[in-house]
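These notes are about the structure you will find just below.
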Amino acid sequence: MEAPANHQAVEEPALDLSFYWRLICRRRWWFVGTFIVVVAAVGIATITATPIYEASTKVLVEQTTPAPMSLSGDLLSGLLALGGSGTLLTQMEIIKSRSVMEPALKQFGLKANSPYLTISVQNQKATDVISILCQYKDPQTAAKIANAIAHQHIQRALERSGENAQQGRQLVEKQLASAGSDLRKVEKELEAFRTESGVTAISEGASNLVEALQTATGEANQLRAQARAGRLEQAAIRRQIAKETPKIENQATIIRNPAVDALEGKLRELELERARLASDYTASSQKMRTLEEQIEKVRSQIENEAQRVVTSQTLVDPVQASLVAQLAAAEVRSVVDNQRSLAADQALKELRAKVDRLPADQLKAAALQRAATLAESRFVMLSKKLEELKLMEDARMPSASILDEARPNPDPVKPNKLRNLVLGLVLGVMFGLVTVAVMSVLDGTFGSVEEVRQVLGLPVLATVPSMADRGALLLGPSSDRGVFPDAFQRLYARLRHLNSQRPLSSLAVVGSATSGCSMVARNLATVCASRGWKVALVDVDPDHAQDLEEIAAPQRLDDGGDLIYPTCYPNLFVTTTAPLPTSEGEIADVDALQTFLSGIGQQVDLTVIDMPPRIASSDEIGVVGTCSAAIMVVDLAHTRRADSKRMVDSYRQEGLPVLGVVANNVPMPSDRAHS
């Protein structure tokens with residue numbers, strides 16, 4: 001067969017987003033069915049769902065902070081603070097506690113985990129208002145539950161307030177009893193001493209000395225403790241800088257110099273003078289204020305001198321410089337504290353000497369009188385506090401109040417029909433796409449022309465569009481326009497190009513039963529005949545004998561033979577594997593069939609063989625082996641990938657060249673990509 005010089009290039013289709021749209025369209029009924037089922041399921045669930053109603057009660061929280069009590073302790077203050085429960089978070093947690101929820105829900109025969117019941121507690125932003133939200137299947141019950149929880153919370157707050165006030169009262173009563181016992185004991189001792197010693201009056205000087213001695217003793221103890229803390233601070237800083245600046249670590253002090261020593265001596269004198277005057281003058285007196293100013297001035301001079309000493313040292317490392325500055329400041333504080341402690345000890349020693357010179361009876365009487373005065377003061381303070389607690393216990397005030405009671409809401413909050421509708425539509429689309437994807441994987445057919453090319457490893461010679469009754473279509477002599485004829489025109493152009501590289505005398509059209517081999521073989525033969533080639537269409541399948549007889553002309557090609565029959569199409573001849581009509585037994589002899597095909601090949605330019613729908617059977621391979629080449633026909637909607645792959649592999653093992661694939665039943669958008 002001669003081949004014209006010119007040939008038409010065929011464009012390869014590109015995979016784009018339209019592939020997915022075609023995939024959905026191909027299995028649209030699966031998508032539509034899944035979509036309808038999901039939307040219907042969501043709709044039925046929404047319609048049959050139990051309506052849920054919501055009610056809200058608003059509670060105003062009185063946030064109060066109890067004033068600290070000057071009692072032995074802080075336990076009383078803590079008890080009273082618990083009664084207030086002032087913070088919003090605390091109030092919200094109390095409302096959600098079992099002690100509030102269970103009694104409130106018990107009135108309605110419900111529990112916290114009852115079906116259709118949801119309770120939440122929320123805080124209104126930037127306010128002291130707490131909202132108690134109750135959702136239930138009955139609007140009346142929902143409102144009653146919200147109000148019951150609010151009332152139960154307030155009742156529990158009153159009970160807690162009373163309990164805490166009672167505990168505080170009991171604590172003060174115990175302390176008051178102890179203070180009364182101590183007061184009576186001291187008064188009894190004082191009275192007994194007066195009777196025994198005959199001392200009826202205590203001199204004012206003795207009382208002042210005893211009072212000053214007690215005050216000075218407390219102050220001296222405090223200053224000694226402060227001085228010890230300063231020494232511990234210095235030790236900690238020195239341990240910290242031991243690795244950074246060893247030479248500073250080994251020094252006794254870094255601020256010691258003659259100027260500091262002089263200022264330290266002056267500070268000692270001023271502190272001693274202040275300690276001596278403290279028993280005779282108040283802190284607000286002019287003399288004491290002047291003395292405080294002088295002490296502060298000397299202290300400032302010591303700090304300045306210490307700063308000068310530190311800055312005079314050359315330390316490049318900023319960490320070392322910082323540690324040295326901290327140590328210098330600690331040494332300055334230690335100097336001041338030590339001098340104050342030494343002055344207080346000296347003043348205490350002098351005061352004790354004065355007290356020792358007092359008569360023994362006056363000294364003991366003054367000490368007993370002081371103890372009685374302190375016990376009486378404590379007793380009076382506790383008595384007043386007890387009266388306050390009794391008033392608090394009798395006049396209990398809740399820490400919260402109902403601002404707005406809940407009312408039944410006739411409009412349900414669940415189910416949200418609009419939201420469920422949108423959700424159903426979204427889920428329907430999602431599950432529909434998933435179904436399409438799953439079916440595309442499970443059906444085993446080709447999803448696209450690109451997949452045909454990748455799986456079989458062959459070029460796609462042409463794509464035949466999806467059309468109704470494609471198995472019965474046969475081009476007429478004037479069918480040279482349109483999508484369907486163009487597919488076979490492109491196939492003809494591709495074969496003409498391949499024929500220029502390798503002469504083709506016979507071409508086998510192979511494929512599965514549903515691939516459309518006969519339609520492709522007949523239309524390919526028709527197009528080649530219309531281009532001036534003398535073509536013989538041979539159908540090896542005897543089931544198609546009647547179809548070919550319908551287009552065959554009544555006369556034969558020559559009067560002496562019975563091989564091929566002319567048709568109404570110029571240059572096109574048809575035949576089965578035996579003279580018409582034939583039987584299946586006549587095609588079983590492969591050798592006879594090969595001889596038969598060889599005889600036809602001598603009379604025409606191209607023999608197009610329509611192979612029977614088998615999957616690479618041994619007979620079929622034997623017949624195809626006599627051909628120059630073969631083309632594979634696959635139907636994207638029906639041909640399975642595994643079958644086509646086995647067929648191509650079988651032909652390759654027999655050494656038969658498979659030129660390419662004709663993709664049948666291809667959606668129109670994909671076909672236009674080749675045009």
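The values are calculated or read from the model by the stated rules, or taken from the named source; none is laboratory data. Quantities reported herein were computed from a predicted structural model and do not represent experimental measurements. Positions of Cβ are backbone-derived with ideal geometry, glycine not excepted, and every protein chain shown enters the neighbour counts. We work out accessible area using only protein heavy atoms, side chains counted, and drop any ligands, DNA or RNA first. Shrake-Rupley method; radii C 1.70, N 1.55, O 1.52, S 1.80 Å.
Within segment 409-454, can you find the residues that are more than 30 Å from Pro465 (Cα to Cα) and open to solvent by less than 60 Å² (accessible area, probe 1.4 Å)?
Initial filter on segment 409-454 (more than 30 Å from Pro465 (Cα to Cα)): 409-428.
Selection gives Asn409, Val413, Pro415, Asn420, Gly424, Leu427, Gly428.
When you go through Ala275, Ala262 one by one, which is the residue that is at pLDDT 75 or above, out of contact with any Asp or Glu (no Cβ under 6 Å at 6 or more places or on another chain), under 20 Å from Val335 (Cα atoms) and open to solvent by 40 Å² or more (accessible area, probe 1.4 Å)? Quick ask: steps written out before the conclusion?
On the way: Ala275 fails: open to solvent by 40 Å² or more (accessible area, probe 1.4 Å).
Of Ala275, Ala262, the one residue that is at pLDDT 75 or above, out of contact with any Asp or Glu (no Cβ under 6 Å at 6 or more places or on another chain), under 20 Å from Val335 (Cα atoms) and open to solvent by 40 Å² or more (accessible area, probe 1.4 Å) is Ala262.
From (1) of a type outside the set (S, T, N, Q); (2) at pLDDT 85 or above; (3) open to solvent by less than 80 Å² (accessible area, probe 1.4 Å), pick out the condition that doesn't hold for Leu209.
So the condition that Leu209 fails would be (2).
Of all residues in segment 304-333 being part of a helix (DSSP H, G or I) and over 21 Å from Ala235 (Cβ atoms), which is most open to solvent (accessible area, probe 1.4 Å)? Spell out the reasoning first.
Looking only at segment 304-333, we keep the residues that are part of a helix (DSSP H, G or I), and these are 304-312, 318-333.
Now drop any that are not over 21 Å from Ala235 (Cβ atoms), which leaves 304-305, 307-308, 311-312, 318.
On the way: Asn304: 100, Glu305: 33, Gln307: 108, Arg308: 125, Thr311: 92, Ser312: 77, Pro318: 98 Å².
Result: Arg308.
For segment 108-117, which residues satisfy the criterion of being open to solvent by less than 70 Å² (accessible area, probe 1.4 Å) and under 30 Å from the mean Cα position of the chain (by Cα)? Lay out the reasoning, then the answer.
From segment 108-117, those open to solvent by less than 70 Å² (accessible area, probe 1.4 Å) are 108-110, 114, 117; that's our starting set.
Once the filter is applied, which keeps residues that are open to solvent by less than 70 Å² (accessible area, probe 1.4 Å) and under 30 Å from the mean Cα position of the chain (by Cα), segment 108-117 yields Ser114, Leu117.
Pairs only if they're at least six apart or on different chains, beta carbon under 8 angstrom, first in segment 145-165 and assigned to a helix (DSSP H, G or I), second hydroxyl-bearing (Ser, Thr, Tyr) and at pLDDT 80 or above; list them, first residue then second.
Ile145/Tyr136; Ala146/Ser56; Ala146/Thr57; Asn147/Thr57; Ile149/Thr57; Ala150/Thr57; Ile154/Ser401; Arg156/Ser99
From the list Ile149, Ile154, pick out the single residue that is under 19 Å from Val61 (Cα atoms) and at pLDDT 90 or above.
Just one listed residue meets the conditions, Ile149.
Among the residues in segment 533-543, are any at pLDDT 75 or above, in a strand (DSSP E or B) and open to solvent by 10 Å² or more (accessible area, probe 1.4 Å)? Please lay out each step first, then the result.
Taking segment 533-543 first, the residues at pLDDT 75 or above are 533-539.
Those still in the list that are in a strand (DSSP E or B) too: 535-539.
Then drop every residue that is not open to solvent by 10 Å² or more (accessible area, probe 1.4 Å), which leaves none.
Within segment 533-543, none of the residues are at pLDDT 75 or above, in a strand (DSSP E or B) and open to solvent by 10 Å² or more (accessible area, probe 1.4 Å).
Looking at (1) open to solvent by 60 Å² or more (accessible area, probe 1.4 Å); (2) at pLDDT 75 or above, can you tell me which one Ala192 breaks?
(1)
Regarding Ala126, is this residue in contact with a Leu (Cβ under 7 Å, 6 or more places away or on another chain), part of a loop (DSSP other than H, G, I, E, B) and of a type in the set (A, V, I, L, M)? Walk me through it before giving the result.
On the way: in contact with a Leu (Cβ under 7 Å, 6 or more places away or on another chain): no; part of a loop (DSSP other than H, G, I, E, B): yes; of a type in the set (A, V, I, L, M): yes.
Taking the combined requirement at face value, the residue does not satisfy it.
Do you know which of the residues in segment 76-114 that are more than 26 Å from Gln124 (Cβ to Cβ) and touching a Pro at 6+ places or on another chain (Cβ under 8 Å) is modelled with the lowest pLDDT?
In this case the residue turns out to be Leu80.
Can you find even one residue in segment 242-251 that is surrounded by fewer than 17 Cβ atoms within 10 Å (Cβ to Cβ), at pLDDT 80 or above and not hydroxyl-bearing (Ser, Thr, Tyr)? Break it down stepwise before answering.
Within segment 242-251, the first condition is being surrounded by fewer than 17 Cβ atoms within 10 Å (Cβ to Cβ), and the residues that meet it are 242-244, 246-247, 249-251.
Still in the running and at pLDDT 80 or above: none.
No, segment 242-251 contains no residue that is surrounded by fewer than 17 Cβ atoms within 10 Å (Cβ to Cβ), at pLDDT 80 or above and not hydroxyl-bearing (Ser, Thr, Tyr).
Restricting to segment 432-468, count the residues that are under 11 Å from Val661 (Cβ atoms) and in contact with a Leu (Cβ under 7 Å, 6 or more places away or on another chain).
The total comes to 3.
Given the structure, is Arg184 over 22 Å from Thr57 (Cα atoms) and either surrounded by 16 or more Cβ atoms within 10 Å (Cβ to Cβ) or at pLDDT 85 or above (or both)? Step through it out loud before you land on a result.
Working: over 22 Å from Thr57 (Cα atoms): yes; either surrounded by 16 or more Cβ atoms within 10 Å (Cβ to Cβ) or at pLDDT 85 or above (or both): yes.
So Arg184 passes the test.
Report every pair of residues separated by at least 6 positions or lying on different chains whose Cβ atoms are under 6 Å apart, first residue within segment 340-356 and within 28 Å of Arg299 (Cβ to Cβ) and open to solvent by less than 100 Å² (accessible area, probe 1.4 Å), second of a type in the set (Lys, Arg) and in a helix (DSSP H, G or I).
Ser341/Arg224; Ala347/Arg276
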